[in-house]
Amino acid sequence: MPLLLLGIVTIAFCISRLIPANPLVSIVGERAMNNEKVVAAAKTRWGLNGSIVEQYFIYIKNLLTGDLGTSFRTRQPVTDDLLHRLPATLELAAGALLIGGVGGVALGAYAASKKDKPADHFSRGFALLGSSLPVFWIGLVFLFVLYARLGWFPGPGRLPPRTKPPDHVTGFYTLDSLLDGNFTLFRQSLYRLVLPCVVLGWAYMGQLSRLVRAAMLDEINADYVRTARAKGLAERLVMRRHVLRNAWLPTLTILGFSFAQLLTASVLTETIFQWNGIGSYAVQAANTLDFPAVNGVSLFAGLAFLLANLATDVLYAVADPKIRLA
Amino acid sequence: MTDVTPQNTWTSPWRRFTVIAGMIVAVFWLIVVFTIQWWAPYTPLEAVGKRLQPPSWEHWLGTDALSRDVFTRTLYGARQTLPVSFAVIVSAVSIGTALGAIAGFVGGRVDGVVMRLVDVTLAFPPIFLAMAVAAALGPGLRNAFFAMVIVWWPIYARLIRGQVQAVKHRDHIQAAVSIGATRWRILRKHVLPLSFTPALINATLDIGQVVILTATLSFLGLGAKPPSPEWGAMITDGAQFFYQWWIAVAPGVAILTVAMAFNFLGDGLRDALDVRAKR
Amino acid sequence: MSMSSTRPLLDVRDLHVRFAVRGGQVHAVRGLDLTVHRGEVAAVVGESGSGKSASMLAALGLLDVNASATGSVRLDGVELLRAAPSVLRSIRGGRIGMIFQDPMTSLNPVLEIRRQIAEAVITHQQVSPRQAELKAVELLEMVSFPDAARRARSFPHELSGGMRQRVMIAMALANDPEILIADEPTTALDVTVQAQILDLLRSLRKSRELAIVLITHDLGVVAGLADSVHVMYAGRIAESGPVVDIFHRPQHPYTAGLLASLPRLDRPDRDLTPIGGVPPRLYEAPVGCAFAPRCQYAIPSCLEGEPALQSVNDSLVACVVLPFAEKAAEVAR
């Protein structure tokens, strides 16, 4: 695992140093190239006078102190930028996981119990649609239909225009406004969460439902299910108490992977819904060739993914009684 | 008293329908890619009427902000998105297969190195890696191609490696070794053909994903640049001119048809080739 | 079967079970007739594929969706095969209890055994969850489960095979059923544990006047427990009769073959004589007697249609080559 971390860091380093024509440009930016002082400072800070190996070690050293470089665009340390925008993305991800998770399990369980009937085909079609369309397109369509045409939901943005955000405690506008006692703000921010969370969770929900369905169908033919029926239990109870309870274990295994997908999709969703999170930061960085920022985001993404996988392993160990009691 | 009730999924009506539908769509797009210049109603880059017109008899899918015919542009978009996507898949599969086969067959140190590389590459969510590489290389479809190949090859390396390892121990391979066949020959003639089926199935199913990734990179400004009619880039336009819904809907639907078509084809392939697959 | 002239508790008539499979249909049970009386232990014996499990599963409606059953299965006059789902559910676990072959996979791995037994109780009795759990511990004690009160909270994977099977029995008997269907209850267990479980069944049968349908391929298990034996081959009864008759004076060549293939302590020198060949696959109906291809006494008329069940002393035999004892002596000569 630590090896993996090192690998991630190394890859990011390679991308930032070895690929662009002039690595110096990737650190100070096109515009600052003429500024002697900035260039000199950068050279020292990042060891650009030395060999590539020296640069690598200095890079690692800076990393360990949390120094990811300075963004060209915002002129702020990348680390600060990331931390500032993290809550927005987390709020979105949490909502999407909730909606997608609950929806996915429910849909999958329902499809399993109604195997080969219309409901099952619907869930399969739903999943297929989710994986055959780019997330940003789904977002646009949703926005268009539900906001522009039907007016059921507010437009893009975390808050209505020209509204002041609540006092920063967690960075989650919903939580913070609750803590503030400001219920209007809470409602507004919650309302604006719905659409992007649904869009973000859409593909996840589709995938999860297929997985739950498959896991349940695996269990449905298990011996203990037959025993449950032989005891005289109603079918619905059999499904819920026996099949589902055993089936959801494997769904944990995709949690890590789904998280990566969520991160990916958040890049696009944040762009469409004008959400000020890490995803949109990444896009702006990539578009303006803001290398330190791009680098920083990649590292962050890799790290987040790693952590998610770790969490999945832990969760799985806790949830399976065979492992838990060992 | 024998009552034959066939349960073979290959001939189940739904499977047949989807596979045929998939083939029709795939062939359609193939025809478009190669012949569109001869039968398109307009050209993709010139202004041909009024701006931002909704769909009509003259312009089946309306016009965009620069008065270009959306229908034509959508069809021409296939020429941008599809060849790149196919190139990515073919390259990724080739590189992945080569490295994975060697890693699986040779084992030891080589295997370790290749697998570390695979793990590290797969540790990044694909978009971020692709974005980083594309940003480093600069915008443009060609650089997006490189970025995507880098992101995609590890999946196949891992797949083929697993297959090769499983096949390696089968009896007839041992037999070939015992009669003195060189490792290269064994790899080529015996191991690889057996290992390739899952890769082929996976690749077909993946085409849709690559198409979406291509469009995504373009959407974010990292792939094709305007005025290219690439589907992702068209959706970016569409996002800007939000109320002219036809500009974004058309390329989206195009992507949908391609992704679904190859998804169905992949499923059909899986049913036909992989007898061990449970459904 | 003239064991008693009272109405049978379980009455199976002309039961057919068919499975729709890839490539055709399997006719697993081809006209089964079977009766079980109150308090009787009826052993159903046969090789794998003989249809013995499928027939009992069909009775309770526990087969997969690709199975279809025709004929009649009556529990004390109530027709089970076409019963309404609610009726069937009240009988399952209520009037008929069932235990299965592999207790490890037949118990839910993520639920405590106490909960699983309590679930059986709650499904059929109007008691509170607390009472059901107390009852569960009682039931565990009844099946001689060691340290019941404390260990009721265990999970299945923490128990040994014998203990798991006791849990299954406790679950099956939770609502005082009239019949216990035991599908290969000891097959997955060690020999010593087998004996314990059989003892348990024997004592339970006596104390609760329980009828047992004992499905097994192991004749040794049958000898110690059964009152009557029903030998199945290729989906039909080959021979059925009182246990003593079956063991000492088998009439059907298959039964004789089964007995001959058993190792015996009192004749250690004798070679084991297995029955040559394999049972038929039942995709198509066999021509004539299904056992004929493997039978050393077969005559041409064996292939002219399925032999009907004939009465021989107290048994029913489906064979045209009768009386068997004479035929066997003839061949031996």
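The values are calculated or read from the model by the stated rules, or taken from the named source; none is laboratory data. Being a predicted model, the structure only gives us computed values, none of them experimental. Backbone-built Cβ (ideal geometry, glycine too); neighbour counts: all protein chains shown.
Of these, A:ASP120, A:ASP116, A:ASP81, A:ASP67, which one is touching a strand residue (DSSP E or B) at 6+ places or on another chain (Cβ under 8 Å), among the acidic types (Asp, Glu) and either within 14 Å of chain B (Cβ to nearest Cβ) or farther than 20 Å from A:LEU255 by Cα (or both)?
From the options A:ASP120, A:ASP116, A:ASP81, A:ASP67, the qualifying one is A:ASP67.
Take A:VAL243 and decide whether it is at pLDDT 80 or above and more than 14 Å from chain C (Cβ to nearest Cβ).
no
Are any residues in region B:222-240 surrounded by fewer than 24 Cβ atoms within 10 Å (Cβ to Cβ), of a type outside the set (Asp, Glu) and either within 11 Å of chain A (Cβ to nearest Cβ) or part of a helix (DSSP H, G or I) (or both), and if so, which ones?
Within region B:222-240, B:THR236, B:ALA239, B:GLN240 meet the criteria.
Given A:ILE52, A:ILE99, A:ILE58, which one is among the aliphatic types (A, V, I, L, M) and touching a Phe, Trp or Tyr at 6+ places or on another chain (Cβ under 7 Å)?
Just a single option satisfies the conditions, and that option is A:ILE58.
Within region B:111-120, is even one residue crowded, with 19+ Cβ neighbours inside 10 Å and touching a Ser or Thr at 6+ places or on another chain (Cβ under 7 Å)?
Within region B:111-120, not a single residue is crowded, with 19+ Cβ neighbours inside 10 Å and touching a Ser or Thr at 6+ places or on another chain (Cβ under 7 Å).
Which one of B:GLY138, B:GLY107 is within 12 Å of chain A (Cβ to nearest Cβ), over 21 Å from A:LEU6 (Cα atoms) and among the small types (Gly, Ala, Ser)?
The match here is B:GLY138.
Give region A:104-116 a look and list any residue that's of a type in the set (Gly, Ala, Ser), touching a Leu at 6+ places or on another chain (Cβ under 8 Å) and surrounded by fewer than 24 Cβ atoms within 10 Å (Cβ to Cβ), or say none.
A:ALA109
Out of the residues in region B:138-169 that are among the charged types (D, E, K, R) and touching a residue at least 24 places away in the same chain (Cβ under 8 Å), which is surrounded by the most Cβ atoms within 10 Å (Cβ to Cβ)?
The extreme case among them is B:ARG161.
Where residues in region C:87-137 are farther than 27 Å from C:HIS157 by Cβ and more than 9 Å from every other protein chain (Cβ to nearest Cβ), which of them is surrounded by the most Cβ atoms within 10 Å (Cβ to Cβ)?
C:ARG95
Filter region B:241-256 down to the residues that are at the interface with chain A (Cβ under 7 Å from one of its Cβ atoms) and part of a loop (DSSP other than H, G, I, E, B) and list them by number.
B:PHE242, B:TYR243, B:TRP245 - these are the residues of region B:241-256 that are at the interface with chain A (Cβ under 7 Å from one of its Cβ atoms) and part of a loop (DSSP other than H, G, I, E, B).
Of everything in region C:11-51 that's of a type in the set (D, E, K, R), within 14 Å of another protein chain (Cβ to nearest Cβ) and assigned to a strand (DSSP E or B), which residue is nearest to the chain's Cα centre (by Cα)?
So the residue we want is C:ARG30.
Considering each residue of region C:149-161, count those that are buried (at least 19 other Cβ atoms within 10 Å of the Cβ) and not in a loop (DSSP other than H, G, I, E, B), and give that number.
Of the residues in region C:149-161, 1 are buried (at least 19 other Cβ atoms within 10 Å of the Cβ) and not in a loop (DSSP other than H, G, I, E, B).
Could you tell me which of the residues B:ILE89, B:ILE150 is under 22 Å from the mean Cα position of the chain (by Cα) and within 11 Å of another protein chain (Cβ to nearest Cβ)?
Every option except B:ILE150 fails the conditions.
Give just the number: which of (1) within 14 Å of another protein chain (Cβ to nearest Cβ); (2) at pLDDT below 90; (3) crowded, with 19+ Cβ neighbours inside 10 Å does C:ASN66 not satisfy?
The failed condition is (3).
What about C:PHE324, is it buried (at least 17 other Cβ atoms within 10 Å of the Cβ) and modelled with pLDDT under 70?
yes
How many residues does region A:226-251 contain that are aliphatic (A, V, I, L, M), crowded, with 19+ Cβ neighbours inside 10 Å and farther than 21 Å from C:SER86 by Cα?
2
If you check A:THR271, A:THR253, which single one turns out to be more than 9 Å from every other protein chain (Cβ to nearest Cβ) and either touching a residue at least 40 places away in the same chain (Cβ under 8 Å) or out of contact with any helix residue (DSSP H, G or I) (no Cβ under 9 Å at 6 or more places or on another chain) (or both)?
A:THR253
Identify, by number, the condition in (1) more than 14 Å from the chain's Cα centre (by Cα); (2) at the interface with another protein chain (Cβ under 8 Å from one of its Cβ atoms); (3) on the phi < 0 side of the Ramachandran plot that A:LEU289 doesn't meet.
All conditions are met except number (3).
Give region C:165-195 a look and list any residue that's part of a helix (DSSP H, G or I), crowded, with 21+ Cβ neighbours inside 10 Å and not polar (S, T, N, Q), or say none.
Listed by number, the residues that qualify are C:ARG166, C:VAL167, C:MET168, C:ILE169, C:ALA170, C:MET171, C:ALA172.
Taking region C:205-244 on its own, how many of its residues are touching a residue at least 24 places away in the same chain (Cβ under 8 Å) and either of a type in the set (Lys, Arg) or in a helix (DSSP H, G or I) (or both)?
Qualifying residue count, region C:205-244: 11.
Pick out the one residue from B:PHE28, B:PHE71 that is part of a helix (DSSP H, G or I), away from chain C (no Cβ under 14 Å), closer than 16 Å to B:GLY238 by Cα and at pLDDT 85 or above.
B:PHE71
Could you please tell me which pairs satisfy a Cβ distance under 9 Å, a separation of 6+ or placement on different chains, a first residue in region B:254-279 that is over 15 Å from B:ARG16 (Cβ atoms) and modelled with pLDDT under 75, and a second residue that is among the charged types (D, E, K, R) and surrounded by fewer than 21 Cβ atoms within 10 Å (Cβ to Cβ)?
Final answer for the pair search is B:ALA277/B:ARG270; B:ALA277/B:ASP271.
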